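J.: Pasting a structure here, questions to come.
The values are calculated or read from the model by the stated rules, or taken from the named source; none is laboratory data. Here the structure is a predicted model, which is why all the values come from computation and not from measurement. Cβ: placed from backbone, ideal geometry, glycine included. Neighbour counts: every protein chain shown. With ligands, DNA and RNA removed, areas are computed over all heavy atoms of the protein, side chains included. Shrake-Rupley method; radii C 1.70, N 1.55, O 1.52, S 1.80 Å.
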Amino acid sequence: MSHIPENLRYSKEHEWVRAEGNRAVIGITDFAQSELGDIVFVELPSAGDEVQAGRTFGTVESVKTVSDLYAPVSGKVIEVNESLSDSPEKVNQDPYGEGWMIVVEMSNPAELEALLDAEGYRAHISES
């Protein structure tokens, strides 16, 4: 069973969000990285770009496939995990820590309410 931290919110597309005030740290879940396999490349937006909830903001490439990343919340990208360009395997090794992807200044923090809590995400992946 995948590790699903209780303090995060989750999208049905397998992204996680850690809200810190008006900022949202975003990455992909342990379940997603294990389904993808060894990640070899991550394409992310640049700081200053706008992302919109439900729309793609980048891609993750693994030895098996290329998968779109979907923004769980809307806002402006204020930080990008640049270390993933040289070490994309951090997403496999530590998806909730060093494998984080972007930080967004949320334009509508209420969007967090539409995301799943840990229990809801567990139920979602058990249905897949």
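J.: Can you go through Ile78, Ile39, Ile102, Ile26 and tell me which one is within 19 Å of Glu6 (Cα to Cα), in contact with a strand residue (DSSP E or B) (Cβ under 9 Å, 6 or more places away or on another chain) and not small (Gly, Ala, Ser)?
T.: Every option except Ile26 fails the conditions.
J.: Step by step: first the residues of the range 1-14, then only those that are open to solvent by less than 50 Å² (accessible area, probe 1.4 Å) and among the aliphatic types (A, V, I, L, M), then the one that is farthest from Tyr121 (Cα to Cα). Which residue is that?
T.: Among them, the one singled out is Leu8.
J.: I need the full set of residues from the range 15-62 which are touching a helix residue (DSSP H, G or I) at 6+ places or on another chain (Cβ under 7 Å), more than 21 Å from Leu115 (Cα to Cα) and open to solvent by 60 Å² or more (accessible area, probe 1.4 Å), in order please.
T.: Selection gives Asp38 alone.
J.: What are the residue pairs meeting all of these: first residue in the range 39-52, first residue free of Cβ contacts under 8 Å to residues at least 60 places away in the same chain and charged (D, E, K, R), second residue open to solvent by less than 40 Å² (accessible area, probe 1.4 Å) and in a loop (DSSP other than H, G, I, E, B), Cβ atoms under 8 Å, and 6 or more apart or on different chains?
T.: Glu50/Ser74
J.: When you go through Ser87, Ser74, Ser83 one by one, which is the residue that is open to solvent by less than 70 Å² (accessible area, probe 1.4 Å) and in contact (Cβ under 8 Å) with a residue 24 or more places away in the chain?
T.: That would be Ser74, the only listed residue that is open to solvent by less than 70 Å² (accessible area, probe 1.4 Å) and in contact (Cβ under 8 Å) with a residue 24 or more places away in the chain.
J.: Can you pull out the residues in the range 101-128 that are open to solvent by 50 Å² or more (accessible area, probe 1.4 Å) and of a type outside the set (D, E, K, R)?
T.: Ser107, Asn108, Pro109, Ala110, Ala114, Ser126, Ser128
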